[in-house]
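For reference, the structure is listed below as structure tokens.
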Amino acid sequence: MKLSLTDQPDEFYRGKTVLVRVDFNVPIRDGNVEDDYRIRSSIPTIEYLSSRGAKVILASHLGRPGGRRDLKASLKPVFERLKDLMLGRNIRWVDDCVGPEADAAKKNLRPGEILLLENLRFHPGEEENDEEFSRSLSSLAEIYVNEAFSASHRKHSSTYGAPTLIEHRLAGLQLKKELKYLTKIRDEPDEPFILIVGGLKIYDKIDALKRLIGKAEKVLIGGCIAYTFLASKGVFTGDSLVERDFLDWAGKISSQEKIVLPEDHLATSTVKDLKDVKVVRGSIPAGMSGFDIGPSTLQTFTSIVSSGSGTVFWNGPMGVFEVREFAGGTLGLAYSIALAYFRGASTVIGGGDTVSAFLKTGLRETEVSHLSTGGGASLEYIGGKTLPGIDILKDRL
Ligand code: AMP
């Protein structure tokens with residue numbers, strides 16, 4: 001178990017500078033934050049520290065500016081949203097994450113104040129885990145807190161190099177919750193365990209799938225990955241994307257009774273061709289691809305999920321939910337997961353896309369046991385990998 005914020009007495013934080021690695025990598029359009037779930041989920045940690053008199057320094061990446069200053073990837077819009085979300089707290093901004101400006105901003109911070117640094121990835125040293133960059137970043141703080149589970153599979157300076165130079169390294173409140181739920185799912189999910197997988201590629205999920213399928217009572221497979229499973233059983237899937245490398249493995253898996261595959265699909269020639277979307281049962285005709293599960297499949301999946309009483313874990317949308325015409329399967333499934341939660345199941349939704357699809361329905365984070373924002377990181381963790389950003393945190397003795 002990792003040492004977390006709440007393991008230290010309140011006095012531990014008073015007057016200390018705390019560097020919090022957050023994940024504010026949020027979608028921004030026309031200078032406005034489109035989805036602030038990631039920002040909101042780190043507020044309890046920021047509040048916890050600020051209210052105990054710490055000087056809180058927040059560091060994050062945004063997008064892929066490629067190691068140079070690119071104002072399109074500035075965190076300034078996040079700063080504006082953070083101020084709105086934390087009215088009453090004194091929140092400051094600095095145009096750089098290391099160097100003289102950052103050092104000066106740190107010196108001017110008073111207990112309880114919060115400082116947001118500009119995008120870490122404006123410096124190449126961040127992604128290269130460069131020693132000098134790590135030294136500059138670490139010199140800002142006496143305590144390090146990781147509140148960015150979704151970035152913890154990366155061996156970058158802010159997740160690895162810099163914190164190893166800071167003596168106190170703690171898990172943030174949300175990160176602690178992530179570890180609690182994901183460890184439970186990985187090691188001993190409450191039974192019956194229903195696993196739902198969708199999304200684009202088996203390749204990204206194979207380790208997690210191998211680990212979880214054996215523990216599950218039912219495995220519901222939708223999204224693009226379902227076509228590899230269907231093809232492995234000899235079902236004709238038209239032009240849908242099939243991962244040839246996984247056909248043998250998928251064939252062995254799908255012979256098990258617990259595997260539930262789509263029986264119908266919403267199909268058309270290309271994802272842009274919305275005039276000719278058809279519900280097709282069984283095989284998909286040549287020239288067409290499946291872009292969502294069909295209504296009968298949704299009904300089957302919904303009735304299995306909403307009667308779930310143990311654990312439900314969902315990763316990967318059921319279709320191209322970004323296009324309204326192909327969002328039905330994903331949104332319908334989200335409601336059935338909320339229903340399972342109301343009926344007492346432990347429900348965990350993992351992956352950036354899957355979480356944003358869940359929230360798109362209007363359902364809230366209070367209608368699920370846990371929303372895990374760490375897409376790649378949660379799959380790697382469940383697949384049994386050690387995440388560098390978690391590994392460097394101090395263990396609870
Ligand atoms: P992942 O990150 O693997 O969970 O994949 C998420 C992406 O999978 C989303 O952007 C979806 O649009 C996409 N996706 C889901 N189902 C399909 C499908 N049937 N065909 C193409 N893309 C899909």
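Let's see how each residue does on (1) over 26 Å from Pro192 (Cα atoms); (2) within 14 Å of the ligand (Cβ to nearest atom):
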position	(1), (2)
Ile225	no, yes
Phe236	yes, no
Asp245	yes, no
Lys252	no, no
Ser255	no, no
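Scanning region 130-163 for residues that are part of a loop (DSSP other than H, G, I, E, B), surrounded by fewer than 23 Cβ atoms within 10 Å (Cβ to Cβ), within 22 Å of the chain's Cα centre (by Cα) and of a type outside the set (Lys, Arg) yields a single hit, His153.
Among the listed residues Thr386, Thr373, Thr354, Thr311, identify the single one that is crowded, with 19+ Cβ neighbours inside 10 Å, away from the ligand (no atom under 14 Å from the Cβ), within 22 Å of Ala208 (Cα to Cα) and of a type in the set (Ser, Thr, Tyr). Spell out the reasoning first.
Details: Thr386 fails: crowded, with 19+ Cβ neighbours inside 10 Å; Thr373 fails: away from the ligand (no atom under 14 Å from the Cβ); Thr354 fails: away from the ligand (no atom under 14 Å from the Cβ).
Answer to the check: Thr311.
Residue-wise test of (1) more than 15 Å from Phe193 (Cβ to Cβ); (2) more than 10 Å from the ligand (Cβ to nearest atom).
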site: Thr300; (1), (2): yes, yes
site: Phe326; (1), (2): yes, no
site: Thr347; (1), (2): no, yes
site: Tyr381; (1), (2): yes, yes
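Among the numbered conditions (1) within 26 Å of Val98 (Cβ to Cβ); (2) in a loop (DSSP other than H, G, I, E, B), the only one that Val18 does not meet is (2). Just one of the numbered conditions (1) in contact (Cβ under 8 Å) with a residue 60 or more places away in the chain; (2) touching a Phe, Trp or Tyr at 6+ places or on another chain (Cβ under 9 Å); (3) away from the ligand (no atom under 16 Å from the Cβ) is not true of Lys215: (1). Considering every residue within region 302-311, establish whether at least one is in contact with a helix residue (DSSP H, G or I) (Cβ under 7 Å, 6 or more places away or on another chain) and outside any helix (DSSP H, G or I). Among the residues of region 302-311, at least one is in contact with a helix residue (DSSP H, G or I) (Cβ under 7 Å, 6 or more places away or on another chain) and outside any helix (DSSP H, G or I), which makes the answer yes. Applying a threshold of 7 Å to beta carbon distances and a minimum spacing of six or more residues, or different chains, the list of pairs starting in region 241-261 at a residue that is free of Cβ contacts under 8 Å to residues at least 24 places away in the same chain and ending at one that is hydrophobic (A, V, I, L, M, F, W, C) and assigned to a helix (DSSP H, G or I) reads Val242/Ala231; Leu247/Ala231. Can you spot a residue in region 95-109 that is over 20 Å from Tyr37 (Cβ atoms) and surrounded by 23 or more Cβ atoms within 10 Å (Cβ to Cβ)? The answer is yes, given that some residue of region 95-109 is over 20 Å from Tyr37 (Cβ atoms) and surrounded by 23 or more Cβ atoms within 10 Å (Cβ to Cβ).
Condition check for Val26 on (1) among the β-branched types (Val, Ile, Thr); (2) at pLDDT 95 or above; (3) assigned to a loop (DSSP other than H, G, I, E, B): one failure, at (2).
The values are calculated or read from the model by the stated rules, or taken from the named source; none is laboratory data. On a predicted model such as this, the values are computed, not experimentally measured, just so you know. Note: ideal-geometry Cβ built from the backbone for every residue, glycine included; neighbour counts use all protein chains shown.
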